[in-house]
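See structure below.
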Amino acid sequence: MINEKKKILIIGSGAVSSALAKKLHENTEVGEIFIASGNGIPSDIYTNIDYREEDITGLLNFVLENDIFLTIPTSEKSLKSDIVSFFQSNGQNIFGPNKNACAIALNNAAGKKFIYKIHAQTSKFGIFDKQQPAEDYLRTVNFPVTIKVNEYSSIIDDRLVCSTMSLAREFLSTLYQKNETNVIVEEFTYGKNFTIYYITDGYSAVPITSVQNYKFTRDGDGGILTNGICYCPDINTSELIYSRVGNIVQNTLLSLDKKGTPYIGILGVECTLTGEDKFYVNEFKPFFQEHDAKAVLNLINDDLVQIFTSCINGFFSDEYEEIRMNNCFSTSATVLSRQNNKIINGLENIEDLENLDFINVKKTNDGKYLTTKGPAFTLTRSAGTLSRARKYLYEDLEEIHFDGIKYRKDISEFIIV
């Protein structure tokens, strides 16, 4: 009897879900791949299905009707719906943390308090429901400060680094006028921003790789904060840093397990390198991010379906001490659009369309791609050295043109590897 190939459902949209689908498609044991709701762009690799990411009942019915082997929620919206607990209670394989476990990654205020609780070094911060106490707090901190909302959205104006009191007050006023609560005000930490990703079954955690993030929209770290661009592995992440961040992850898992909410899934720890082997912990991430998903996945040589099911079934700590990786480097750029409905030209000229993952782009009936204001797509290239990966990336980017295009041109600029 021939074994049937495994059907996979990925829940999410944008670059993360398409990058994961492409990676899983490399597995000869994987058959059909579905994405809910996907990026709306047809693909030969996966099928977009018309379900909202938080429609847990509809998605469960789809899984049952289509004999889905494994479901992977990648979006914050799906994790907030607690689809993991719902699917688990209905006997389905689902890889991800439940809503209570991943609150530290979905809720910035809860995450910041948790980081402080486990005694990880972090920047001075305050959390405020009202504007006046927040403004009073500004008088006690060193500028610049980072001000951000409790739960990030898809827009890029929900966090800002403020260098002056007047700018901070103005941004606070904007947020509270939009009825934001639990606004976080924290001292800005100077240094290189990096994330280390882990796979965990809730008890043990194995590192995947480190990513250096470029958080600002302009070259040289100017402009507003975005979801970032990156390269990986980060050559500044020493073994000592890996060890120390690993200890923080173990303390995190232990604390969550004691609360009865073990964290199963991908856990990212975002930090800022402040000196040699010194860092501050900024945030937790519940999965790969738009800007780094393809970059990280390109480096993995292991069977992710087997790893994910091993975590679900409780065998992970016995079967895995490390994740098999290749020896390449990846660079990735998020391309932004300043305008709507501009035709994207030159996509046919890039080296390999598999390196392109759409975030928010429309495709017309006659095959044209149109922009939507904000993040449009990510482009990723991998190579044996960082300098070559960077070279290939920018060669591809130079082929793409549309009115209002914007991306950073200084990824790994001062690094030759």
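The values are calculated or read from the model by the stated rules, or taken from the named source; none is laboratory data. Since the model is a prediction, treat every value here as computed from it, not as a measurement. Cβ placement follows ideal geometry from the backbone for every residue including glycine, while neighbour counts extend to all protein chains displayed.
A few remarks follow.
- Residues that are within 21 Å of Lys368 (Cα to Cα), under 20 Å from the mean Cα position of the chain (by Cα) and buried (at least 21 other Cβ atoms within 10 Å of the Cβ) within region 28-69 comprise Gly38, Asn39, listed in sequence order.
- Number of the exception - Ala376 against (1) over 15 Å from Ala295 (Cβ atoms); (2) more than 21 Å from the chain's Cα centre (by Cα); (3) small (Gly, Ala, Ser): (2)
- Filtered by the rule that a residue be over 20 Å from the mean Cα position of the chain (by Cα) and part of a strand (DSSP E or B), region 260-274 gives a lone residue, Thr274.
Residues are listed down the side, and each one gets a yes or a no for (1) touching a Lys or Arg at 6+ places or on another chain (Cβ under 6 Å); (2) modelled with pLDDT of 95 or more; (3) within 26 Å of Val145 (Cβ to Cβ):
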{"position": "Gly268", "(1), (2), (3)": "yes, yes, yes"}
{"position": "Thr272", "(1), (2), (3)": "no, yes, yes"}
{"position": "Phe279", "(1), (2), (3)": "no, yes, yes"}
{"position": "Phe284", "(1), (2), (3)": "no, yes, yes"}
{"position": "Asn301", "(1), (2), (3)": "yes, yes, no"}
{"position": "Gln306", "(1), (2), (3)": "no, yes, no"}
{"position": "Ile312", "(1), (2), (3)": "no, yes, no"}
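- Strands (runs of 3 or more DSSP E) lying entirely in region 30-110 (those with 2 or more residues that are in contact (Cβ under 8 Å) with a residue 24 or more places away in the chain and not small (Gly, Ala, Ser)): 30-37, 70-73
- Matching entry among Phe288, Phe284 (being closer than 29 Å to Ala376 by Cα, in a loop (DSSP other than H, G, I, E, B) and among the aromatic types (Phe, Trp, Tyr)): Phe288
- When we screen Ala134, Ala120 for residues that are in a loop (DSSP other than H, G, I, E, B), among the hydrophobic types (A, V, I, L, M, F, W, C), out of contact with any Ser or Thr (no Cβ under 8 Å at 6 or more places or on another chain) and over 26 Å from Ala19 (Cβ atoms), the only hit is Ala120.
- Scanning region 131-150 for residues that are under 30 Å from the mean Cα position of the chain (by Cα) and among the charged types (D, E, K, R) returns a single hit, Lys148.
- Taking the numbered list (1) in contact with a Leu (Cβ under 6 Å, 6 or more places away or on another chain); (2) surrounded by 24 or more Cβ atoms within 10 Å (Cβ to Cβ) in turn, Ile94 passes all entries but (1).
- Taking residues in region 323-345 that are outside the structural domain of Gly14 (by TED's automatic domain parsing) and at positive phi, and partners anywhere that are buried (at least 23 other Cβ atoms within 10 Å of the Cβ) and at pLDDT 95 or above, the pairs with Cβ atoms closer than 8 Å and at least 6 places apart or on different chains are Asn341/Thr371.
- Verdict on Glu170 being without any contact (Cβ under 8 Å) to a residue 24 or more places away in the chain and either hydrophobic (A, V, I, L, M, F, W, C) or not in a loop (DSSP other than H, G, I, E, B) (or both): yes
- Test: residue in region 145-165 that is surrounded by fewer than 18 Cβ atoms within 10 Å (Cβ to Cβ), assigned to a helix (DSSP H, G or I) and out of contact with any His (no Cβ under 8 Å at 6 or more places or on another chain): yes
- Residues that are in contact with a Leu (Cβ under 7 Å, 6 or more places away or on another chain) and among the acidic types (Asp, Glu) within region 255-297 comprise just one, Asp277.
- At least 2 residues being touching a Lys or Arg at 6+ places or on another chain (Cβ under 6 Å), surrounded by fewer than 21 Cβ atoms within 10 Å (Cβ to Cβ) and not charged (D, E, K, R) is the threshold, and among the strands (runs of 3 or more DSSP E) wholly inside region 321-394 those reaching it are 369-371.
- Residue within region 241-259 that is under 24 Å from Pro73 (Cβ atoms), in a strand (DSSP E or B) and in contact (Cβ under 8 Å) with a residue 60 or more places away in the chain present: no
- Filtered residues of region 282-331 (kept if among the aliphatic types (A, V, I, L, M) and under 16 Å from Tyr214 (Cα atoms)): Ala293, Ala295, Val296
- Qualifying residue in region 168-181 (condition: outside the structural domain of Val281 (by TED's automatic domain parsing), in contact with a Leu (Cβ under 6 Å, 6 or more places away or on another chain) and under 16 Å from Asn142 (Cβ atoms)): yes
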